[in-house]
Amino acid sequence: MNFKFRNIYFVGIAVGALILIADFLIFFSFKDPIGPTARWFYPMIILGLSAGWAQFWYDYMQEIKRQKRIEEKFMDFVRNIGSAVKSGISIPSSVLHASAKDYDELNPFLQKMANQVRMGIPIHRAFVNFAEDTGNKTIQRAIAIVIEAEASGGDIQNVLESVTSSLASVRKLKEEQKSGTYSQIVQGYIIYFVFIAIMLVLQLKLFPKLTQMTGSPGAMSGGISLLGASDVASAPVNLDTIFFALMLIQGFFAGIMIGKFTEGKARSGLIHSLILITLGALVITTAKGGI
């Protein structure tokens with residue numbers, strides 16, 4: 001997958017940096033007592049960081065969609081080559097004939113390959129260069145199969161038909177898998193936010209009441225006292241940090257599982273993990289006014 005750094009990313013980074021600077025200037029005290037002065041300090045940090053990386057992830061998702069469209073147009077290209085070969089035209093001439101048609105995102109790569117064929121570059125080398133230029137793993141595997149089959153003396157027409165049929169079947173299976181797991185994606189998001197809601201109820205409602213009942217000073221501010229056998233000494237434990245860490249862990253692995261279910265790859269779930277963690281952190285910091 002071709003993904004390059006663009007100058008527009010500096011705009012998002014600059015906006016995020018401005019939000020962070022404004023956040024510290026408005027909602028943070030550098031004098032004693034040092035620390036946040038308003039409940040919006042942490043939510044603004046999350047918004048600033050999100051603004052910084054939002055353009056990266058948007059382009060990443062757009063590139064995934066573009067690669068899928070390239071795969072669709074590649075199947076049309078292979079079908080056109082197969083039809084030309086079936087009519088008795090040689091492979092180089094079939095490539096030139098098929099590349100003259102419109103394939104949207106695939107056009108620049110096909111034009112480059114056609115120019116290489118006209119310059120006398122071997123068709124095998126032109127196909128390999130074409131596959132590498134697209135950066136698409138599916139196209140690279142398909143081209144490798146075609147080249148190996150043609151080099152071993154196979155019927156190129158049958159090979160092209162088999163490759164096209166295989167690509168169509170794989171794409172259909174992926175679409176069926178994605179549509180079949182849509183409910184699981186929704187359930188994953190719902191379960192995650194139910195988990196956050198339960199944590200907020202515990203921290204904002206239950207634990208303060210338990211603190212009032214026990215009267216233990218060690219349980220204040222999201223902490224709970226761990227009493228020894230003699231009930232003489234108490235060690236306060238800050239549950240706020242623990243619950244926030246649990247939220248991060250839950251969001252990360254929930255996103256990984258969603259990606260595994262939908263795309264068959266855990267790496268595809270990283271975007272879901274980032275969305276869940278960002279939304280979870282924003283909800284918690286907004287509701288509590290802190291971590």
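The values are calculated or read from the model by the stated rules, or taken from the named source; none is laboratory data. Here the structure is a predicted model, which means the values were calculated and not measured. Methodologically, a virtual Cβ is constructed for each residue, glycine included, from the backbone with ideal geometry; neighbour enumeration extends over all protein chains shown. Each accessible area value is taken on the protein alone, full model and side chains, heavy atoms only, with ligands, DNA and RNA left out. Shrake-Rupley method; radii C 1.70, N 1.55, O 1.52, S 1.80 Å.
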Inset, instruction - Considering every residue within the stretch 3-23, establish whether at least one is open to solvent by 40 Å² or more (accessible area, probe 1.4 Å), touching a Leu at 6+ places or on another chain (Cβ under 7 Å) and either assigned to a helix (DSSP H, G or I) or within 30 Å of Val159 (Cα to Cα) (or both). - result: yes
Legend entry - Residue check for Tyr103: of a type in the set (Ser, Thr, Tyr) and over 22 Å from the mean Cα position of the chain (by Cα): yes
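Results for (1) closer than 22 Å to Ile64 by Cα; (2) modelled with pLDDT of 90 or more; (3) touching a helix residue (DSSP H, G or I) at 6+ places or on another chain (Cβ under 8 Å); (4) part of a helix (DSSP H, G or I), shown as yes or no for each residue.
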position	(1), (2), (3), (4)
Val186	yes, no, no, yes
Val201	no, no, no, yes
Lys205	no, no, no, yes
Thr211	no, no, yes, yes
Ala235	no, no, yes, no
Met257	yes, no, yes, yes
Inset, instruction - Spot the failing condition for Ser169; the list is (1) under 14 Å from Met75 (Cα atoms); (2) loosely packed, with under 13 Cβ neighbours inside 10 Å; (3) touching a residue at least 12 places away in the same chain (Cβ under 8 Å), and only one is missed. - result: (3)
Inset, instruction - Run Ala38 past the list (1) open to solvent by less than 50 Å² (accessible area, probe 1.4 Å); (2) within 17 Å of Asp23 (Cβ to Cβ); (3) in a helix (DSSP H, G or I); (4) of a type outside the set (Lys, Arg) and report the number of the one that doesn't hold. - result: (3)
Legend entry - Subset tally (residues that are closer than 18 Å to Leu274 by Cα and touching a residue at least 24 places away in the same chain (Cβ under 8 Å)) for the stretch 52-91: 11
Legend entry - Among (1) more than 23 Å from Lys4 (Cα to Cα); (2) open to solvent by less than 40 Å² (accessible area, probe 1.4 Å); (3) out of contact with any Pro (no Cβ under 9 Å at 6 or more places or on another chain), the one test that Val117 misses: (3)
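Condition check ((1) assigned to a loop (DSSP other than H, G, I, E, B); (2) under 21 Å from Arg171 (Cβ atoms)) across all residues:
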{"site": "Ile64", "(1), (2)": "no, yes"}
{"site": "Ile70", "(1), (2)": "no, yes"}
{"site": "Gly82", "(1), (2)": "no, yes"}
{"site": "Gly88", "(1), (2)": "yes, no"}
{"site": "Leu96", "(1), (2)": "no, no"}
{"site": "Asp102", "(1), (2)": "yes, yes"}
{"site": "Pro108", "(1), (2)": "no, no"}
{"site": "Glu132", "(1), (2)": "no, no"}
Inset, instruction - Taking Leu49 as meeting all but one of (1) aliphatic (A, V, I, L, M); (2) open to solvent by less than 50 Å² (accessible area, probe 1.4 Å); (3) in contact (Cβ under 8 Å) with a residue 24 or more places away in the chain, write down the number of the exception. - result: (2)
Legend entry - Among residues of the stretch 261-291, those that are open to solvent by less than 30 Å² (accessible area, probe 1.4 Å) and within 17 Å of Met247 (Cα to Cα), counted: 11
